[in-house]
Amino acid sequence: MTTKETRLIIDLKALAENYKTVKSQLKPETKIMGVVKAFAYGTDSEIIAHKLVDYGVDYLAVAYTEEGVRLRNSGIQTPILVFYPQIEELSNLIDYRLTPSVYSFNFLIGLNKHLNELETIDFPIHLKINTGLNRLGFDLDELDEIYEEIQTNKRVKLSGLFSHLAASGTASQVDFTKQQIEKFQIARQFFIHKFGETFVSHLCNSSGIFNYPEAEFDMVRAGIALYGYGNNEAENAQLIPVSNLKTVIAQLRTIQKGESVGYERMFKTEKEAKIATLPLGYTDGIARQFGNGKAEILVNGHKAPIVGNVCMDTLMVDVTGIDCQEGDDVTIFGKEHSAVSFDKFQQTIPYEIITRISQRVTRVIEI
Ligand SMILES: *Cc1c(COP(=O)(O)O)cnc(C)c1O
């Protein structure tokens, strides 16, 4: 393929560096679960999963069963945790040896019933405990009942216990996070008392890894850090963006005072201006909220604002005073201009920017 088009360059060297950085934060014996949900945060889940396995990752995690099936079909043998398995997908979950996160009685009972029909015993599961995010998981007052359900049926085996932190990257939420850790400890002690230390415990996501080393337990779940971002400046400083979204200038034009750019004429210039049109738009994942000066891209080393409304397949930037030609390569975001600097007014988080790059954009692997 030609490089002269909109493309997402996936930098595997950066991935390897970020993996090392994550590992260097941990005790040598702590396991790493590499989170590759949502196309590995908008990159390419199969390629990233295989790389992480090469680096020695102990577990992988996806959001939905279908994502796990794709990884198995690509030859991944490593255990795969499915964060949000749906009851309708149980046959695939079992056939493809995916490990469900069990977060409700409805799911647990459905799973037991299914395994009973298959006459399967000891099917590994990870139990999800709600410690304050209030999204998915069992509350602490349900532990006895879960234990009963597992013990009576013997269809599932507790091979992992986990919970998820709500604000592990937020300095003002340290007390709350410590309470979450406490609650998780209670659940962990409960099951150790019942089953012995026969399961892995995991609590930290990326920011948890950086900020709560006391909560490492047996394993951590690294997502965004592997892709080069954290939840604050200190974390970002240690990581290298893996996703580099680039394109080329399709056309340059000079407009005069009083002329406008784009639909609804949202940008009007006060003076002569040089406008570059880029061949990517909201379909490709650059949301309309980034139009009208809300985001900046990099043109030959200079920041240039998006002007006017972002279109479906194109957007325009003001390159007045920047030396550039039609056909020049420009960076929307990447290593030298992160998603945080692209998103000038911090309207969203890097997670959303990088995961939204649509499947229409060609992925290019850089090794
Ligand atoms: C997505 C996700 C993670 C990874 O979080 P990061 O902040 O990207 O490291 C970990 N655990 C659960 C349950 C998740 O859904």
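The values are calculated or read from the model by the stated rules, or taken from the named source; none is laboratory data. If you're wondering where the values come from, they're calculated on a predicted model, not measured in any experiment. Cβ: placed from backbone, ideal geometry, glycine included. Neighbour counts: every protein chain shown. The accessibility values were calculated without ligands, DNA or RNA, using every heavy atom of the protein model including side chains. Shrake-Rupley method; radii C 1.70, N 1.55, O 1.52, S 1.80 Å.
Judged by the gyration tensor of its Cα atoms, with axes a ≥ b ≥ c, the stretch 43-161 is prolate; a/c meets the 1.5 cut and a/b is the larger of a/b and b/c.
Evaluated with a Cβ-only charge set (Lys, Arg +1; Asp, Glu -1), the chain carries a dipole of roughly 600 debye about its Cα centre, given to the nearest 20. For the options A215, A273, A63, a Gaussian network treatment of the chain with springs between C-alpha atoms closer than 10 Å singles out A273 as fluctuating the most.
Based on DSSP H segments of at least four residues, each scored -39500 (n - 2.57), the chain has a per-residue ellipticity at 222 nm of -9000 deg cm²/dmol.
For the chain, a Gaussian network of Cα nodes joined below 10 Å ranks Y147, Y263, Y227 by mean-square fluctuation, and the top entry is Y263. The separation of the stretch 88-130 from the stretch 337-357, counted between C-alpha centres, amounts to 36 Å.
Per residue, the accessible area of the stretch 243-365 comes to 46 Å², computed with a 1.4 Å probe over protein heavy atoms only. Centroid-to-centroid, using Cα positions, the stretch 241-304 and the stretch 65-80 are 39 Å apart. At 1.4 Å probe size, with the rest of the protein present, what percent of the exposed accessible area of the chain is carbon and sulfur atoms? With neighbouring chains kept in place, the figure for the chain is 49 percent. Taking 7 Å steps out from each Cα toward its Cβ at S104 and R72 produces label points 2.3 nm apart. Among the trypsin sites (Lys or Arg not before Pro) found in the stretch 199-265, those both in a DSSP coil and sparsely packed, with 13 or fewer other Cβ atoms within 10 Å of their Cβ, are K257. Normalising by the residue count of the chain, find the relative contact order in percent from Cα pairs under 8 Å and 6+ residues apart. Relative CO of the chain lands at 19 percent. The residues of the stretch 12-227 have, on average, 42 Å² of accessible surface per residue, using a 1.4 Å probe with all protein chains present. Rounded to the nearest 10 degrees, what's the angle between the helix 45-55 long axis and the longest principal axis of the chain, both from Cα atoms, 0 to 90? Roughly 60 degrees between the two axes. Going by the alpha-carbon gyration tensor, a ≥ b ≥ c the square roots of its eigenvalues, is the stretch 12-227 rounded (a/c under 1.5) or, if a/c is not under 1.5, prolate (a/b greater than b/c) versus oblate? Oblate shape, in that a/c is at least 1.5 and b/c is the bigger or equal ratio. Provide, for q = 0.06, 0.14 Å⁻¹, the log10 of I(q)/I(0) from a solvent-free Debye sum over equal Cα point scatterers in the chain. Reported log10 I(q)/I(0), two decimals: -0.28, -1.11.
In a GNM of the chain with a 10 Å cut-off on Cα contacts, which of I306, I121, I32 has the highest mean-square fluctuation? Its mean-square fluctuation being the largest, the pick is I121. Pairs of Cα atoms nearer than 8 Å and 6+ residues apart set the relative contact order; for the stretch 254-361 it is 27 percent.
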